[in-house]
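One structure is given below, encoded as structure tokens.
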Amino acid sequence: MKRKIYLNMQPLAEAYALFTDKFANHTTASETIPSHEASGRVTACPVTARLSAPSFHAAAMDGIAVQAATTFGASDDSPVSLDIGGKQALFINTGQPLPDSYDAVIMIEHILLAEDQQTGIIRAPVYPWQNVRKVGEDIVATELLFPSNHLITPPDVAALLTAGCPDVKVRKKPQITIIPTGSELVDIRTTAIVPPGRTIESNSAVLAALAVNAGAEVTVTPIIADADDTLTTNVMDAVRSDADVVVINAGSSAGSADYTVKIIEKLGEVLVHGVTIMPGKPTILGMIDNKPVIGSPGYPVSAIISFEQFVVPLLEAMQGLSTTQPAIARAILARDIPSRGGIEEFRRMITGKIGSNLVTLPLKKGAGAITTLTRANSILRIAASSEGETRGSKVNLELLRPQSQIENTLLCTGSHDLCLDILHDLLKKNSPYTLASTHVGSLGGILAVRDTMTHIAGSHLLDPASGEYNTPYITRYLQQKNIALITLVHREQGFIVLPGNPENIQTISDLAREDICFINRQSGSGTRVLLDNELDKAGLDPDDISGYDQEEYTHMAVAVAVLSGKVSTGLGIRAAANALNLDFVPLTEERYDLIIPAEYLELASIQTVLSLITSSQFSKAVAEKGGYSTRETGIRVL
């Protein structure tokens with residue numbers, strides 16, 4: 001099949017305006033439902049009260065009902081005695097109807113009762129209607145309770161019932177049909193083992209969840225294989241069903257096997273094929289039989305951004321709701337972020353509060369990097385007119401979490417270690433704080449501390465000249481700061497190899513063999529420094545090692561590369577090998593420390609971290625991973 005270029009790529013704002021204008025009157029019909037079930041629904045017309053509330057004069061507190069005039073003149077010097085037995089006053093409880101001819105209530109605490117409780121003495125008067133909830137004080141019959149297009153909240157349900165409205169007319173939930181497509185997809189619910197070259201279909205689940213959050217009811221069809229006739233039939237069936245919106249997931253790009261745009265062209269009209277956003281560029285916006293039909297990109301991040309930008313606002317508008325606007329906050333950018341001009345870029349970010357400022361770091365980019373969706377707490381939108389943002393600049397962020405939660409995020413930048421995941425879990429279990437770690441290597445973490453862009457840096461940098469870990473680098477790069485260096489763990493570093501070590505890798509010299517393909521860690525990482533030191537001691541040149549220039553950013557990524565057969569070995573920690581049931585050839589034990597500016601030591605969040613790493617919970621979890629020692633955990637080196 002011939003490849004097709006994007007037909008009429010549009011900037012996001014123009015594509016959005018074109019799409020929303022086309023379906024501006026595409027609202028759902030109304031239905032009447034019990035008020036008990038109305039929370040989360042949207043009113044289809046004005047709602048007026050049938051009854052007043054209260055519907056009678058009621059006591060606002062416990063005491064005695066009186067005619068206010070009978071209390072006038074009461075004082076400490078001239079108390080007034082009220083004849084309760086003679087019904088000059090009556091006992092009354094909060095919420096009870098006020099009997100006729102009575103117009104005030106005296107609090108029980110302000111009455112001195114006779115022993116037989118037939119007489120009450122008061123030392124202060126009350127005015128008419130004091131301590132009384134009068135008829136209609138809260139709600140007056142016929143008044144407007146809620147206007148049209150009002151999102152009903154749980155307290156609103158109580159108001160509806162109190163006002164005598166047992167049911168309410170609301171907008172019907174939009175019906176959306178999602179069609180996952182692709183011959184390479186498998187349903188994890190029915191497939192125990194995923195064959196090589198096949199992909200687990202997850203997009204429909206996340207898009208369905210987004211649609212439900214927007215108030216829709218969702219139908220997800222079975223996976224449809226890439227075949228023109230089959231897809232055409234299923235799309236047409238969806239359009240002819242009760243669906244208000246149809247989303248075809250995957251098949252929206254310009255690849256040779258992407259049928260979506262051709263099907264929409266054949267059955268209806270393509271409004272937009274391609275939007276100048278990244279991720280999400282392949283989005284198709286179309287119409288069949290006057291119904292919106294969206295071609296969603298196949299990569300998860302692209303699919304979600306496309307859905308959030310076009311489908312969620314459409315679903316909200318169909319119910320008469322305004323588009324939800326995210327909270328915005330200003331933050332200092334911790335790294336340069338280059339961007340391609342002409343494309344509006346959405347970057348998932350990790351943001352925390354350092355001192356009085358929010359500081360934000362980018363997560364890795366990529367339309368398929370789904371972990372950026374789970375880890376991010378904010379989004380940076382880089383305008384199409386920009387070629388990126390520079391480190392240290394202040395940027396506007398869209399917040400994905402409450403700001404209070406973001407301000408309780410501890411930023412940990414530097415070397416990767418699996419113990420940081422343990423610490424993150426313990427913080428979530430035992431405190432309001434969360435740990436967000438980004439893996440840029442030990443030296444990158446030290447520089448982040450230098451530039452006040454992180455709370456904590458993880459480091460295991462060996463100084464070959466002295467044999468010391470971390471302290472020489474702190475002296476070199478952080479001499480202007482007061483630093484606390486606290487040991488987290490000792491850990492084994494070595495060669496991660498396939499089970500049974502089939503290529504018999506034993507020493508650093510084996511890396512120079514012609515039959516060995518190596519995977520390295522990035523420049524500036526402690527593991528890279530260790531490797532280069534070992535190569536130097538063995539008299540080996542990096543150019544002698546096949547794969548020296550191939551880099552990964554975490555120990556687990558190295559282990560995965562070995563497991564996949566992509567490489568023969570890589571240098572990493574024993575715990576990473578254990579996690580994937582790989583074998584391990586030890587090379588050395590090293591000390592992995594936490595570098596913390598001393599000024600942060602008194603922060604409640606840092607105090608919590610220091611307490612947790614010396615807990616039995618932490619040491620037990622670390623021991624279970626293997627290859628670690630906690631013999632000096634929590635000890636301050638500097």
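The values are calculated or read from the model by the stated rules, or taken from the named source; none is laboratory data. Note that the structure is predicted; figures quoted are calculated from it, not measured. Counting neighbours? That spans all protein chains shown, and the Cβs are built from the backbone with ideal geometry, glycine included.
Matching residues to (1) in contact (Cβ under 8 Å) with a residue 40 or more places away in the chain; (2) within 25 Å of residue 10 (Cβ to Cβ):
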{"residue": "370", "(1), (2)": "yes, no"}
{"residue": "374", "(1), (2)": "no, no"}
{"residue": "380", "(1), (2)": "yes, yes"}
{"residue": "385", "(1), (2)": "yes, yes"}
{"residue": "388", "(1), (2)": "yes, yes"}
{"residue": "393", "(1), (2)": "yes, no"}
{"residue": "398", "(1), (2)": "yes, yes"}
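Based on this model, can you work out whether residue 398 counts as modelled with pLDDT under 95 and either within 21 Å of residue 343 (Cα to Cα) or in contact with a Lys or Arg (Cβ under 6 Å, 6 or more places away or on another chain) (or both)? No; evaluated as a whole, the condition is false for this residue. Between 567, 529, the distinction of being within 16 Å of residue 515 (Cα to Cα) and either assigned by TED's automatic domain parsing to the domain that holds residue 584 or of a type outside the set (S, T, N, Q) (or both) belongs to 567 only. Before we move on, is residue 106 within 14 Å of residue 82 (Cβ to Cβ), out of contact with any helix residue (DSSP H, G or I) (no Cβ under 6 Å at 6 or more places or on another chain) and at pLDDT 95 or above? In short, yes. Among the helices (runs of 4 or more DSSP H) confined to the stretch 538-631, the ones with at least 2 residues that are free of Cβ contacts under 8 Å to residues at least 24 places away in the same chain, under 30 Å from residue 479 (Cβ atoms) and under 28 Å from the mean Cα position of the chain (by Cα) are located at 604-613. On the given criteria, is residue 132 in contact with a helix residue (DSSP H, G or I) (Cβ under 6 Å, 6 or more places away or on another chain) and under 30 Å from residue 71 (Cα atoms)? No, not satisfied. Taking the criterion of being in contact with a helix residue (DSSP H, G or I) (Cβ under 7 Å, 6 or more places away or on another chain), part of a loop (DSSP other than H, G, I, E, B) and crowded, with 18+ Cβ neighbours inside 10 Å, the residues of the stretch 517-537 that qualify are 524, 525. The numbered conditions (1) assigned by TED's automatic domain parsing to the domain that holds residue 141; (2) surrounded by 20 or more Cβ atoms within 10 Å (Cβ to Cβ); (3) touching a Leu at 6+ places or on another chain (Cβ under 8 Å) are all true for residue 66 except (1).
Checking the stretch 49-68 against the condition returns a match, with at least one residue being free of Cβ contacts under 8 Å to residues at least 40 places away in the same chain and within 30 Å of residue 130 (Cβ to Cβ). Taken over the stretch 292-303, the criterion of being touching a residue at least 60 places away in the same chain (Cβ under 8 Å) and closer than 25 Å to residue 41 by Cβ is satisfied by 292 alone. Might you check whether a residue that is surrounded by 19 or more Cβ atoms within 10 Å (Cβ to Cβ), more than 22 Å from the chain's Cα centre (by Cα) and closer than 30 Å to residue 445 by Cβ occurs anywhere in the stretch 322-343? Yes, some residue in the stretch 322-343 is surrounded by 19 or more Cβ atoms within 10 Å (Cβ to Cβ), more than 22 Å from the chain's Cα centre (by Cα) and closer than 30 Å to residue 445 by Cβ. The set of residues in the stretch 497-508 that are within 15 Å of residue 587 (Cβ to Cβ), touching a strand residue (DSSP E or B) at 6+ places or on another chain (Cβ under 7 Å) and assigned to a loop (DSSP other than H, G, I, E, B) comprises 501, 505, 506. Looking only at residues in the stretch 75-86 that are charged (D, E, K, R) and assigned to a loop (DSSP other than H, G, I, E, B), the one that is farthest from the chain's Cα centre (by Cα) is 77. On the phi < 0 side of the Ramachandran plot and surrounded by fewer than 16 Cβ atoms within 10 Å (Cβ to Cβ), is that true of residue 386? Spelling it out, it is not the case that residue 386 is on the phi < 0 side of the Ramachandran plot and surrounded by fewer than 16 Cβ atoms within 10 Å (Cβ to Cβ). Taking the criterion of being touching a residue at least 24 places away in the same chain (Cβ under 8 Å) and among the small types (Gly, Ala, Ser), would at least one residue in the stretch 471-488 satisfy it? Within the stretch 471-488, one or more residues are touching a residue at least 24 places away in the same chain (Cβ under 8 Å) and among the small types (Gly, Ala, Ser). The set of residues in the stretch 213-253 that are under 16 Å from residue 183 (Cβ atoms), touching a residue at least 24 places away in the same chain (Cβ under 8 Å) and charged (D, E, K, R) comprises 226, 228. Name the single residue that is surrounded by the most Cβ atoms within 10 Å (Cβ to Cβ) among those in the stretch 169-197 being of a type in the set (Lys, Arg) and under 20 Å from residue 221 (Cα atoms). Filtering first and then ranking leaves 173.
Within the stretch 469-502, which residues are under 24 Å from residue 546 (Cα atoms) and loosely packed, with under 15 Cβ neighbours inside 10 Å? 499, 500, 502, listed by residue number. Residue count for the stretch 180-230 under the criterion of being over 18 Å from residue 248 (Cβ atoms) and in a loop (DSSP other than H, G, I, E, B): the result is 13. The set of residues in the stretch 25-48 that are surrounded by fewer than 20 Cβ atoms within 10 Å (Cβ to Cβ), in contact (Cβ under 8 Å) with a residue 40 or more places away in the chain and within 32 Å of the chain's Cα centre (by Cα) comprises 26, 27, 36, 39, 40.
Highlighted here are the helices (runs of 4 or more DSSP H) found entirely within the stretch 403-496 that include at least 1 residues which are among the aliphatic types (A, V, I, L, M), modelled with pLDDT of 95 or more and out of contact with any Ser or Thr (no Cβ under 7 Å at 6 or more places or on another chain): 419-430, 442-450, 471-477. Among the residues of the stretch 435-467, those identified as of a type in the set (Ser, Thr, Tyr) and farther than 24 Å from residue 371 by Cα are 452, 466.
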